[in-house]
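Working notes for the structure below.
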Amino acid sequence: MVLDFTKYMNKILELDPERRFARVQPGVVLDTLRNKAEEHHLTFGPDPSTHSRCSLGGMIGNNSCGTHSLLAGKTVDNVIELRILLADGTQMTVGPGVEETELESIIGQGGRRGEIYSKLREIRDQYSDLVRARFPNIPRRVSGYNLDELLPENGFNVARALVGTEGTCAIVLEAKLKLIQSPQHRVLVGLGYEDAFCAADHVPEILPFGPIGLEGFEGSIVDGLTRKGAPNLELLPRGRGILLVEFGSDDPKLADQLARQLMETLKATANPPDMRLYTQSESKLVWKNPRIRGPLGFLRARHAKTMGGLG
(Lines give C-alpha, C1' and ligand atoms only; values in the text may rest on other atoms or scores of the structure.)
Protein backbone atom coordinates (compact mmCIF):
# COMPACT_ATOMS: atom_id res chain seq x y z
CA MET A 1 0.00 0.00 0.00
CA VAL A 2 1.31 3.42 -0.96
CA LEU A 3 0.05 6.56 0.77
CA ASP A 4 0.63 9.91 -0.96
CA PHE A 5 0.16 12.80 1.46
CA THR A 6 1.26 15.54 -0.91
CA LYS A 7 -2.25 16.24 -2.25
CA TYR A 8 -4.20 16.92 0.93
CA MET A 9 -1.88 16.82 3.97
CA ASN A 10 0.61 19.37 2.69
CA LYS A 11 0.38 22.33 5.05
CA ILE A 12 2.96 24.13 7.16
CA LEU A 13 0.96 24.37 10.38
CA GLU A 14 3.34 26.64 12.27
CA LEU A 15 6.73 28.27 11.78
CA ASP A 16 8.28 29.90 14.81
CA PRO A 17 11.46 31.81 13.86
CA GLU A 18 12.17 32.80 17.47
CA ARG A 19 12.17 29.25 18.83
CA ARG A 20 13.39 27.90 15.49
CA PHE A 21 10.94 25.13 14.77
CA ALA A 22 8.24 24.29 12.26
CA ARG A 23 5.21 22.01 12.53
CA VAL A 24 4.33 20.39 9.22
CA GLN A 25 2.08 17.76 7.72
CA PRO A 26 3.89 14.84 6.04
CA GLY A 27 3.01 15.91 2.50
CA VAL A 28 4.88 19.22 2.67
CA VAL A 29 7.58 19.29 0.00
CA LEU A 30 11.00 20.09 1.42
CA ASP A 31 11.62 23.20 -0.68
CA THR A 32 8.25 24.63 0.39
CA LEU A 33 9.42 24.60 4.00
CA ARG A 34 12.94 25.75 3.16
CA ASN A 35 11.69 28.69 1.09
CA LYS A 36 9.36 29.78 3.90
CA ALA A 37 12.06 29.39 6.55
CA GLU A 38 14.58 31.30 4.41
CA GLU A 39 12.45 34.42 4.85
CA HIS A 40 13.84 34.40 8.39
CA HIS A 41 17.36 33.30 7.33
CA LEU A 42 16.57 29.82 8.64
CA THR A 43 16.44 26.42 6.96
CA PHE A 44 15.64 22.77 7.52
CA GLY A 45 19.11 21.32 7.21
CA PRO A 46 18.79 17.89 5.51
CA ASP A 47 18.61 18.37 1.74
CA PRO A 48 18.63 15.29 -0.52
CA SER A 49 19.13 15.91 -4.22
CA THR A 50 15.36 15.59 -4.83
CA HIS A 51 14.67 18.57 -2.54
CA SER A 52 12.19 20.13 -4.97
CA ARG A 53 10.01 17.00 -4.96
CA CYS A 54 10.61 14.97 -1.81
CA SER A 55 8.13 15.25 1.04
CA LEU A 56 9.09 15.68 4.67
CA GLY A 57 7.11 12.57 5.58
CA GLY A 58 9.23 10.59 3.15
CA MET A 59 12.41 12.11 4.55
CA ILE A 60 11.35 11.07 8.05
CA GLY A 61 10.60 7.58 6.79
CA ASN A 62 13.99 7.25 5.11
CA ASN A 63 16.05 9.31 7.57
CA SER A 64 17.21 11.36 4.61
CA CYS A 65 20.39 13.37 4.69
CA GLY A 66 22.02 15.22 1.82
CA THR A 67 24.91 17.43 0.89
CA HIS A 68 24.73 19.63 3.97
CA SER A 69 24.87 16.89 6.59
CA LEU A 70 28.11 18.51 7.75
CA LEU A 71 26.04 21.56 8.66
CA ALA A 72 22.86 19.96 9.97
CA GLY A 73 23.18 16.20 10.36
CA LYS A 74 20.52 13.70 9.28
CA THR A 75 16.74 14.03 9.46
CA VAL A 76 16.76 12.18 12.80
CA ASP A 77 18.93 14.94 14.25
CA ASN A 78 16.31 17.53 13.31
CA VAL A 79 13.10 15.89 14.51
CA ILE A 80 11.65 17.23 17.77
CA GLU A 81 8.24 15.55 17.96
CA LEU A 82 5.91 13.35 15.89
CA ARG A 83 2.19 12.76 15.90
CA ILE A 84 1.64 9.24 14.61
CA LEU A 85 -1.12 6.83 13.61
CA LEU A 86 -0.83 3.14 14.50
CA ALA A 87 -2.28 0.14 12.67
CA ASP A 88 -5.14 -0.20 15.16
CA GLY A 89 -6.19 3.43 14.71
CA THR A 90 -4.47 4.76 17.82
CA GLN A 91 -3.03 8.26 17.53
CA MET A 92 -0.10 9.27 19.72
CA THR A 93 2.32 12.14 20.12
CA VAL A 94 5.89 10.97 20.80
CA GLY A 95 9.10 12.78 21.62
CA PRO A 96 11.22 14.40 22.72
CA GLY A 97 13.07 12.08 25.07
CA VAL A 98 11.76 11.17 28.52
CA GLU A 99 13.51 10.70 31.84
CA GLU A 100 13.28 7.35 33.62
CA THR A 101 10.76 8.65 36.16
CA GLU A 102 8.53 9.95 33.35
CA LEU A 103 8.93 6.66 31.49
CA GLU A 104 7.74 4.79 34.58
CA SER A 105 4.75 7.11 34.79
CA ILE A 106 3.79 6.57 31.14
CA ILE A 107 4.02 2.80 31.50
CA GLY A 108 2.08 2.91 34.75
CA GLN A 109 -0.81 4.74 33.07
CA GLY A 110 -1.38 1.67 30.90
CA GLY A 111 -3.33 1.77 27.66
CA ARG A 112 -1.84 1.45 24.22
CA ARG A 113 0.80 4.10 24.87
CA GLY A 114 1.91 2.48 28.09
CA GLU A 115 2.07 -0.92 26.39
CA ILE A 116 4.24 0.39 23.55
CA TYR A 117 6.62 2.24 25.85
CA SER A 118 6.91 -0.85 28.04
CA LYS A 119 7.83 -3.04 25.06
CA LEU A 120 10.33 -0.47 23.82
CA ARG A 121 11.94 -0.37 27.25
CA GLU A 122 12.25 -4.16 27.18
CA ILE A 123 14.03 -3.95 23.81
CA ARG A 124 16.33 -1.26 25.17
CA ASP A 125 17.19 -3.17 28.33
CA GLN A 126 17.79 -6.42 26.47
CA TYR A 127 19.94 -5.04 23.66
CA SER A 128 21.49 -1.83 25.00
CA ASP A 129 24.98 -3.33 25.37
CA LEU A 130 24.90 -4.69 21.82
CA VAL A 131 23.63 -1.37 20.46
CA ARG A 132 26.44 0.52 22.17
CA ALA A 133 29.04 -1.99 20.99
CA ARG A 134 27.94 -2.56 17.41
CA PHE A 135 26.15 0.52 16.12
CA PRO A 136 28.86 2.29 14.07
CA ASN A 137 29.69 5.76 15.33
CA ILE A 138 29.60 7.50 11.97
CA PRO A 139 27.74 10.69 11.03
CA ARG A 140 25.97 9.14 8.03
CA ARG A 141 24.57 5.95 9.57
CA VAL A 142 21.06 5.81 8.13
CA SER A 143 20.45 2.07 7.75
CA GLY A 144 18.20 0.09 10.09
CA TYR A 145 16.20 1.12 13.12
CA ASN A 146 17.56 3.87 15.38
CA LEU A 147 17.56 1.76 18.53
CA ASP A 148 20.34 3.92 19.92
CA GLU A 149 17.78 6.69 20.43
CA LEU A 150 16.16 4.53 23.13
CA LEU A 151 19.32 4.39 25.23
CA PRO A 152 19.19 6.29 28.55
CA GLU A 153 22.04 8.58 27.49
CA ASN A 154 19.93 9.59 24.47
CA GLY A 155 16.82 10.22 26.53
CA PHE A 156 14.60 7.35 25.35
CA ASN A 157 13.53 9.44 22.36
CA VAL A 158 10.69 7.51 20.69
CA ALA A 159 10.17 10.17 18.02
CA ARG A 160 13.74 9.87 16.78
CA ALA A 161 13.63 6.08 17.10
CA LEU A 162 10.79 6.11 14.55
CA VAL A 163 12.80 8.13 12.01
CA GLY A 164 14.04 5.75 9.32
CA THR A 165 11.50 2.99 10.03
CA GLU A 166 9.98 3.49 6.54
CA GLY A 167 6.37 3.10 7.61
CA THR A 168 6.86 -0.28 9.26
CA CYS A 169 5.93 0.98 12.75
CA ALA A 170 3.63 3.98 12.30
CA ILE A 171 2.31 6.61 9.90
CA VAL A 172 3.43 10.17 10.54
CA LEU A 173 0.53 12.63 10.64
CA GLU A 174 2.46 15.69 11.81
CA ALA A 175 6.06 16.55 12.64
CA LYS A 176 7.70 19.25 14.71
CA LEU A 177 11.08 19.95 13.12
CA LYS A 178 14.15 21.92 14.13
CA LEU A 179 15.20 24.88 12.00
CA ILE A 180 18.78 26.13 11.90
CA GLN A 181 20.53 29.31 10.82
CA SER A 182 21.00 29.42 7.06
CA PRO A 183 24.42 30.84 6.08
CA GLN A 184 23.62 33.76 3.80
CA HIS A 185 26.89 33.80 1.86
CA ARG A 186 28.36 30.69 0.26
CA VAL A 187 31.49 29.89 -1.73
CA LEU A 188 32.10 26.72 -3.75
CA VAL A 189 35.42 25.03 -4.53
CA GLY A 190 35.87 22.16 -7.00
CA LEU A 191 38.70 19.64 -6.47
CA GLY A 192 39.76 17.06 -9.07
CA TYR A 193 41.76 13.97 -8.05
CA GLU A 194 43.24 11.01 -9.89
CA ASP A 195 40.33 8.73 -8.98
CA ALA A 196 37.50 8.30 -6.50
CA PHE A 197 39.64 6.50 -3.96
CA CYS A 198 42.27 9.22 -4.00
CA ALA A 199 39.53 11.81 -3.47
CA ALA A 200 38.23 9.81 -0.52
CA ASP A 201 41.68 9.55 1.01
CA HIS A 202 42.03 13.34 1.00
CA VAL A 203 38.71 14.20 2.67
CA PRO A 204 40.24 14.29 6.19
CA GLU A 205 42.51 17.19 5.22
CA ILE A 206 39.47 19.17 4.03
CA LEU A 207 37.19 18.76 7.06
CA PRO A 208 39.25 20.90 9.49
CA PHE A 209 38.45 23.97 7.35
CA GLY A 210 34.80 23.64 8.36
CA PRO A 211 32.89 23.22 5.10
CA ILE A 212 29.10 23.23 5.34
CA GLY A 213 28.68 20.96 2.31
CA LEU A 214 30.73 18.23 0.67
CA GLU A 215 29.77 16.23 -2.40
CA GLY A 216 31.75 13.63 -4.32
CA PHE A 217 31.45 11.74 -7.59
CA GLU A 218 33.59 9.76 -9.97
CA GLY A 219 34.62 10.20 -13.57
CA SER A 220 32.23 7.60 -14.98
CA ILE A 221 29.30 9.76 -13.85
CA VAL A 222 30.75 12.66 -15.83
CA ASP A 223 31.23 10.33 -18.82
CA GLY A 224 27.55 9.40 -18.71
CA LEU A 225 26.45 13.00 -18.40
CA THR A 226 28.71 13.92 -21.32
CA ARG A 227 27.07 11.28 -23.53
CA LYS A 228 23.68 12.70 -22.59
CA GLY A 229 24.79 16.20 -23.48
CA ALA A 230 24.42 17.64 -19.98
CA PRO A 231 25.36 21.33 -19.83
CA ASN A 232 28.09 23.08 -17.83
CA LEU A 233 30.35 20.05 -17.40
CA GLU A 234 33.29 22.18 -18.50
CA LEU A 235 33.04 23.87 -15.11
CA LEU A 236 34.12 20.72 -13.31
CA PRO A 237 37.80 20.35 -12.34
CA ARG A 238 39.90 17.80 -14.20
CA GLY A 239 40.09 14.37 -12.63
CA ARG A 240 38.33 11.03 -12.21
CA GLY A 241 37.41 11.71 -8.60
CA ILE A 242 35.78 15.07 -7.94
CA LEU A 243 34.87 16.82 -4.70
CA LEU A 244 32.67 19.89 -4.44
CA VAL A 245 33.34 21.73 -1.19
CA GLU A 246 31.03 24.51 0.01
CA PHE A 247 31.79 27.10 2.66
CA GLY A 248 29.13 29.28 4.24
CA SER A 249 28.86 32.21 6.62
CA ASP A 250 26.79 35.31 7.26
CA ASP A 251 30.06 37.16 6.60
CA PRO A 252 30.91 36.94 2.87
CA LYS A 253 34.57 37.66 3.56
CA LEU A 254 34.85 34.72 5.96
CA ALA A 255 33.34 32.23 3.52
CA ASP A 256 35.71 33.38 0.78
CA GLN A 257 38.67 33.34 3.17
CA LEU A 258 38.02 29.73 4.22
CA ALA A 259 37.78 28.62 0.60
CA ARG A 260 41.04 30.32 -0.34
CA GLN A 261 42.82 28.97 2.75
CA LEU A 262 41.84 25.45 1.74
CA MET A 263 43.17 25.96 -1.78
CA GLU A 264 46.45 27.45 -0.55
CA THR A 265 46.95 24.53 1.82
CA LEU A 266 46.24 21.96 -0.88
CA LYS A 267 48.62 23.68 -3.30
CA ALA A 268 51.45 22.97 -0.86
CA THR A 269 50.79 19.21 -0.78
CA ALA A 270 52.89 16.68 -2.70
CA ASN A 271 50.27 15.95 -5.34
CA PRO A 272 47.71 18.75 -5.28
CA PRO A 273 44.33 18.33 -6.97
CA ASP A 274 43.12 20.38 -9.87
CA MET A 275 41.24 23.24 -8.21
CA ARG A 276 38.58 25.69 -9.19
CA LEU A 277 37.07 28.54 -7.16
CA TYR A 278 33.64 29.24 -8.60
CA THR A 279 31.91 32.56 -9.01
CA GLN A 280 28.37 32.81 -7.62
CA SER A 281 26.83 32.32 -11.05
CA GLU A 282 29.09 29.34 -11.80
CA SER A 283 28.35 27.69 -8.46
CA LYS A 284 24.62 27.77 -9.19
CA LEU A 285 25.22 26.00 -12.49
CA VAL A 286 27.29 23.29 -10.79
CA TRP A 287 25.84 22.95 -7.28
CA LYS A 288 22.17 23.34 -8.17
CA ASN A 289 22.32 21.07 -11.23
CA PRO A 290 20.19 17.99 -10.40
CA ARG A 291 21.77 16.07 -13.27
CA ILE A 292 25.08 16.36 -11.45
CA ARG A 293 23.84 16.05 -7.85
CA GLY A 294 21.31 13.29 -8.48
CA PRO A 295 23.63 10.30 -9.10
CA LEU A 296 26.18 11.16 -6.44
CA GLY A 297 27.25 9.10 -3.46
CA PHE A 298 30.14 6.89 -4.56
CA LEU A 299 32.32 7.81 -1.59
CA ARG A 300 30.16 6.43 1.21
CA ALA A 301 31.64 2.97 1.09
CA ARG A 302 35.21 4.07 1.74
CA HIS A 303 36.50 5.82 4.85
CA ALA A 304 32.94 5.98 6.15
CA LYS A 305 33.89 7.51 9.48
CA THR A 306 36.07 10.34 8.24
CA MET A 307 33.81 11.01 5.30
CA GLY A 308 30.54 10.75 7.18
CA GLY A 309 29.43 14.22 6.13
CA LEU A 310 29.47 13.53 2.43
CA GLY A 311 26.29 13.74 0.42
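Among the residues of segment 121-150, the ones that are open to solvent by less than 40 Å² (accessible area, probe 1.4 Å) and hydrophobic (A, V, I, L, M, F, W, C) come to 2 in all. Inside segment 160-210, residues that are touching a His at 6+ places or on another chain (Cβ under 9 Å) and of a type in the set (Asp, Glu) make up a count of 1. For segment 67-122, a tally of residues being of a type in the set (S, T, N, Q), within 30 Å of Phe209 (Cβ to Cβ) and touching a strand residue (DSSP E or B) at 6+ places or on another chain (Cβ under 8 Å) returns 2. Of everything in segment 50-67, what is hydrophobic (A, V, I, L, M, F, W, C), closer than 18 Å to Arg140 by Cα and assigned to a loop (DSSP other than H, G, I, E, B)? Give them in sequence order. Across segment 50-67, the qualifying residue is only Cys65. For Thr265, state whether it is polar (S, T, N, Q), over 21 Å from Ser49 (Cα atoms) and surrounded by fewer than 20 Cβ atoms within 10 Å (Cβ to Cβ). Judged against the criteria, Thr265 is a match.
None of Glu166, Glu174, Glu215, Glu246 is part of a strand (DSSP E or B), closer than 20 Å to Lys74 by Cα and open to solvent by 30 Å² or more (accessible area, probe 1.4 Å) except Glu174.
Looking across Leu56, Leu13, one residue alone is modelled with pLDDT of 95 or more, surrounded by 18 or more Cβ atoms within 10 Å (Cβ to Cβ) and more than 30 Å from Pro208 (Cα to Cα). It is Leu56. Report yes if Arg19 is more than 17 Å from the chain's Cα centre (by Cα), outside any loop (DSSP other than H, G, I, E, B), under 24 Å from Ala161 (Cα atoms) and not β-branched (Val, Ile, Thr), otherwise no. Spelling it out, it is not the case that Arg19 is more than 17 Å from the chain's Cα centre (by Cα), outside any loop (DSSP other than H, G, I, E, B), under 24 Å from Ala161 (Cα atoms) and not β-branched (Val, Ile, Thr). Residue count for segment 80-115, restricted to those that are out of contact with any Asp or Glu (no Cβ under 6 Å at 6 or more places or on another chain) and open to solvent by less than 40 Å² (accessible area, probe 1.4 Å): 13. Checked against (1) more than 21 Å from Arg23 (Cα to Cα); (2) in a loop (DSSP other than H, G, I, E, B); (3) open to solvent by 20 Å² or more (accessible area, probe 1.4 Å), Arg186 passes all but condition (2).
When you scan segment 63-76, do you find a residue that is farther than 28 Å from Leu207 by Cα and surrounded by 15 or more Cβ atoms within 10 Å (Cβ to Cβ), even just one? Among the residues of segment 63-76, not one is farther than 28 Å from Leu207 by Cα and surrounded by 15 or more Cβ atoms within 10 Å (Cβ to Cβ), which makes the answer no. Of all residues in segment 210-253, those satisfying the criterion of being in contact (Cβ under 8 Å) with a residue 12 or more places away in the chain, under 22 Å from Thr43 (Cα atoms) and not acidic (Asp, Glu) are Gly210, Pro211, Ile212, Gly213, Leu214, Leu244, Val245, Phe247, Gly248, Ser249, Pro252.
Is there any pair with a first residue in segment 83-97 that is polar (S, T, N, Q) and a second that is open to solvent by 40 Å² or more (accessible area, probe 1.4 Å) whose Cβ atoms are under 8 Å apart and which are 6 or more apart or on different chains, and what are they? Partner pairs satisfying both residue conditions: Thr90/Arg112; Thr90/Arg113; Gln91/Arg83; Gln91/Leu85; Thr93/Glu81; Thr93/Arg83.
The values are calculated or read from the model by the stated rules, or taken from the named source; none is laboratory data. These figures come from a predicted structure and were not determined experimentally. Because the Cβ atoms are built from the backbone with ideal geometry, glycine has one as well, and the counts that use them run over all protein chains shown. Heads up: the accessible areas ignore ligands, DNA and RNA and are worked out on the full protein's heavy atoms, side chains in. Shrake-Rupley method; radii C 1.70, N 1.55, O 1.52, S 1.80 Å.
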